[in-house]
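To start, the structure itself, in structure tokens.
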Amino acid sequence: MLNKPEHGPSPLKSKTLDSYSGFDSLPSFLRNTAEAQGEEEKQKKAMAAVEEDNGEFYLRYYVGHRGKFGHEFLEFEFRPDGKLRYANNSNYKNDTMIRKEVFLTPAVLKECRRIISESEIMKEDDNNWPEPDRVGRQELEIVMGNEHISFTTSKIGSLVDVHSSQDPEGLRIFYYLVQDLKCFVFSLISLHFKIKPI
Amino acid sequence: MRGRVMVDEDNDVVMTEQPRERGRERRKGRGLRLGGRGESRQQALLNDEEEEEEEEGGNDRNVLQLFTPLRSVEGWIVLVSGVHEEAQEDDILTLFGAHGHINNLHLNLDRRTGFLKGYALIEYENFVEAQAAISGINGTKLFFRTISVDWAFSTDPFKGRRSSSLAKPRHKAIS
């Protein structure tokens, strides 16, 4: 008679040897716990990934000021249903508001999420960021999965403003993320709406 | 919708139903503390969406989101993601130029590092060329990284993706 291992045949274990092969030779009560723990970890990770991917997503960015030429601002919004709304307003030389709206595909929203999660802006807080002032204000509001951030700060002229603030690290992340988002949105809007000059 | 995660008999991950709550687990920022306009508007948007979701029944977990691609002003725009950060414009032009004439290409840089951000937006002259590029290149590799290619714009909104990720609740909420 062949010597069968205690907890069922293991493909890795020789039938004639009775050596410790890790998991299979644990007594059953310990094995259940370890297995359950492993499963739970896997489940958590899968859930997190699914929630990341399929959770809600909303992003709104605003930058503007009030001055001689009225309320001049730039604002764009990625809505959960895929709509991208873009608005640019100024009364400079009696100009009027520019509004553009277009529906994006899930692929584009997914790329936007990636840009945001790679920047790690969701880990930051605007407690120590400069308050909005006469020069202007910026607002960034993001909902991603179960996190919701709504940051408000003044305009950032350059890295000098970033370095001299009370939270240079966080503000730097914000500064570059805003630039990357603007690049993304301007590319989308101009490709969809702008006619190339001859 | 958020509930407890459970595993049922067939080893499916299911969510138990819980009364909907509008709040999120983590909320940060001056805008929320001072109750800026942003919060109420965004909540209204998500509320609208949640109400719409109620009407849909029996969504399978992995339902494909189908949409109709939308033509842009002078062509068809395709989004490429997963681009290696050291790729060059020529690489993209040669790879995608094989399927049709490229009217325009936006290959944006990461503003901090100076490398590519990782996506590209390509404008093809007509639908057939764009569709060929999508079918032919999606999922293939560029510099050992898998790239995804898909349309960028669609004609309609898509329903909340959340509804496609949750199985039917198996248990009644305990109120």
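Ordered by residue, what ³J(HN,Hα) values in Hz, to whole numbers, does the range B:67-77 give under the Karplus form 6.51 cos²θ - 1.76 cosθ + 1.60, where θ = phi - 60° and Gly and Pro are x?
8, 9, x, 10, 6, 8, 4, 10, x, 10, 9
How crowded by other chains is B:116-127, given as the mean number of beta carbons from other chains within 10 Å of each beta carbon?
Across B:116-127, the average partner-chain Cβ count within 10 Å equals 3.
If I ignore ligands, DNA and RNA and count only protein heavy atoms, how much of B:His84 is accessible to a 1.4 Å probe, in Å² to the nearest 10?
Estimated to the nearest 10 Å², B:His84 gives 40 Å².
Once amide H atoms are built 1.01 Å from N in the peptide plane, which residues 5 or more positions from A:Glu56, or in another chain, come under 5 Å H to H?
Hits under the 5 Å cutoff: A:Gly145.
Translational D (Stokes-Einstein, µm²/s) of the range B:79-125 at 25 °C and 0.890 mPa s when Rh comes from the Kirkwood sum over C-alpha pairs?
Roughly 226 µm²/s, to the nearest whole number.
Run the 1.4 Å probe and let me know the accessible area of A:Glu72, rounded to the nearest 10 Å².
My reading of the accessible area for A:Glu72 is about 40 Å².
Please give the total accessible area that chains A and B bury against each other, computed with a 1.4 Å probe and expressed in Å² to the nearest 100.
Between A and B, the summed buried area is about 5400 Å².
What list of ³J(HN,Hα) values in whole Hz, one per residue of the range A:90-98 in order, does the Karplus curve 6.51 cos²θ - 1.76 cosθ + 1.60 (θ = phi - 60°) give from phi, with Gly and Pro shown as x?
These are the phi-based 3J(HN,Hα) values: 7, 9, 4, 6, 6, 6, 10, 6, 10 Hz.
How large is Rg over Rh for the range A:105-192, taking Rg from the Cα atoms and Rh as the Kirkwood inverse mean of 1/r across Cα pairs?
0.98
With each label point set 7 Å from Cα along the Cα-Cβ vector, what nm distance links A:Met97 and A:Phe69?
Here the answer is 1.8 nm between the modelled labels.
The values are calculated or read from the model by the stated rules, or taken from the named source; none is laboratory data. Since this is a predicted model, take the numbers as computed values, not measurements. When we count neighbours, we look across all protein chains shown, and the Cβ atoms used for this are built from the backbone with ideal geometry, even at glycine. Note: areas computed on protein heavy atoms with side chains; ligands, DNA, RNA excluded. Shrake-Rupley method; radii C 1.70, N 1.55, O 1.52, S 1.80 Å.
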